[in-house]
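Everything below concerns the one structure shown next.
The values are calculated or read from the model by the stated rules, or taken from the named source; none is laboratory data. As the structure is a computational prediction, the values presented were derived from the model and not from experiment. Cβ: placed from backbone, ideal geometry, glycine included. Neighbour counts: every protein chain shown. Note: accessible area is taken over every heavy atom of the protein model, side chains too, but ligands, DNA and RNA are not part of it. Shrake-Rupley method; radii C 1.70, N 1.55, O 1.52, S 1.80 Å.
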Amino acid sequence: MRAFVVEKIGDKEFKSGIQDISTPKCGENEIVIKVTYSSLNYKDALSSVGNPGVTRNFPHTTGIDVAGTVYESTSSVFKVGERVLVTGYDMGMNTNGGHAQFVKVPAAWVARIPDSISDKEIMAFGTAGLTAALSVSELIENGIKPESGDILVTGATGGVGSIAIAILSKLGYNITAISGKKERIEFLKKIGANEVILREEFEIESNKPMLSEKYAGIIDTVGGNILANALKQIKYDGVATCCGLTSSHELNTNVFPFILRGVRLIGIDSVECKLEKKQAAWEKLASRWKINSLNTIINEISLDEVKAAYDHLLSGKAVGRYVVKIKVDKN
């Protein structure tokens, strides 16, 4: 089969590209998926250059998301021909991932694709969409309603940010987006942002422990000073979710928003969260949360175009979601 493989060729040197490798075989309680679509995420891009925080086993096939049909199964839960997907867990990290024509995974990682959504659409969501859905769910479950006030979304042109904006817009929320890409302001408004603030205007450090109340909720994908400044501006009893660190893994803040305004900061993990929680999120994304602007944020590419797309992700030039169409010759 064809796969995008990363190899370690020296202590700190790596090379990557398309290779022909052996098709995997089922072990006990495992599934081999015949892949139709995968997607690209920032974590995939890091894996492609040998980032040790993501991948330590080489040679390695990237791809933390995959959709397709069951090709082989030793599981009593899944039958050959069923439409399934996998996101998260160790797939695409130290276990071979979805940028291949076939992928083998433990049955415990597998979710069913709802009938009302295509393989391409669910991979347009992928880990980014799942993370966005989990973030929106936390706001709703903690009482943040459209009438509560504006929602701030950081890293707005990225996969999580853009999908979160589209979902929130469909649900009737008023959204303020933060982005470092001035040329993408119209794109953000098209998918549902009511206001766009440029990153450099928001990231300015403030020595004040608190700022004026502006936002009922925050979906943060970047961390660092942006999240620190945003926390100071949450309204009383507001909620912030945090799922990323593209700005910084550090958070220099203080306790005042938490003890004076009752602010809640909730971490979002889409990798190891329970399969039941993932399945519930997929059902929402396939039905009442399915966004009208999904095609607007999709960049469909082939397996041969993955390497160039990684360069865009690593250089911060990517916008929306890369969806990888996988062609399989075997029946």
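Hey, quick one: spin label on residue 183, modelled 7 Å out along Cα-Cβ, who in the stretch 293-322 has an amide N within reach, i.e. under 15 Å?
312-313, 315-320
Which value, in debye to the nearest 20, gives the size of the charge dipole of the stretch 200-322 about its Cα centre, when Lys and Arg are +1 and Asp and Glu are -1 at the Cβ? The partial results should precede the final answer.
On the way: 15 positive and 16 negative charges, 118 e Å.
So the magnitude is around 560 debye.
Taking a ≥ b ≥ c as the square roots of the Cα gyration tensor eigenvalues, with a/c under 1.5 meaning rounded and otherwise prolate when a/b beats b/c, else oblate, which class fits the stretch 117-171?
prolate
Can you list which of the DSSP-assigned H helices in the chain have a Cα extent of 15 Å or more along the long axis and an average Kyte-Doolittle score of at least 1.0?
159-170
Probe of 1.4 angstrom, ligands and nucleic acids ignored: what's the accessible area per residue over the stretch 22-75, in square angstrom?
Dividing the accessible area of the stretch 22-75 by its residue count gives 37 Å².
Quick check: pseudo-label points 7 Å beyond the Cα along Cα→Cβ at residue 207 and residue 292, how many nm apart are they?
Between residue 207 and residue 292, the label points sit 4.9 nm apart.
Taking a ≥ b ≥ c as the square roots of the Cα gyration tensor eigenvalues, with a/c under 1.5 meaning rounded and otherwise prolate when a/b beats b/c, else oblate, which class fits the stretch 1-157?
oblate
Between residue 307 and residue 266, what is the spin-label point distance in nm, taking each point 7 Å from the Cα along the Cα→C-beta axis?
4.3 nm
Which order do 241, 127, 74 take when ranked by solvent-accessible area (1.4 Å probe, heavy atoms of all protein chains), largest first?
Details: 241 0, 127 20, 74 70 Å².
Reading off the accessible areas and sorting them downward yields 74, 127, 241.
So with the 1.4 Å probe, I'd like the accessible area per residue for the stretch 114-247, rounded to whole Å².
Numbers: 5090 Å² over 134 residues.
Roughly 38 Å² per residue, with all protein chains present.
First compute the accessible area of the chain with a 1.4 Å probe, then give the percent of it belonging to carbon and sulfur atoms.
Here it works out to 47 percent.
Between residue 170 and residue 236, 0.36 nm times their residue separation minus their Cα-Cα distance comes to what? Could the numbers behind the result be given before it?
Values: separation 66, 0.36 × 66 = 23.76 nm, distance 2.48 nm.
Full-extension gain reported as 21.3 nm.
Please get the size of the charge dipole for the chain, origin at its Cα centre, with Cβ charges of +1 on Lys and Arg and -1 on Asp and Glu, quoted in debye to the nearest 20. Show your work: numbers first, answer last.
Details: 39 positive and 38 negative charges, 82 e Å.
About 400 debye.
Please work out the FRET efficiency for the pair residue 19 and residue 69, using the Cβ-Cβ distance as r and a Förster radius of 22 Å; give the result to the nearest 0.05.
Computed FRET efficiency for residue 19 and residue 69 comes out at 0.40.
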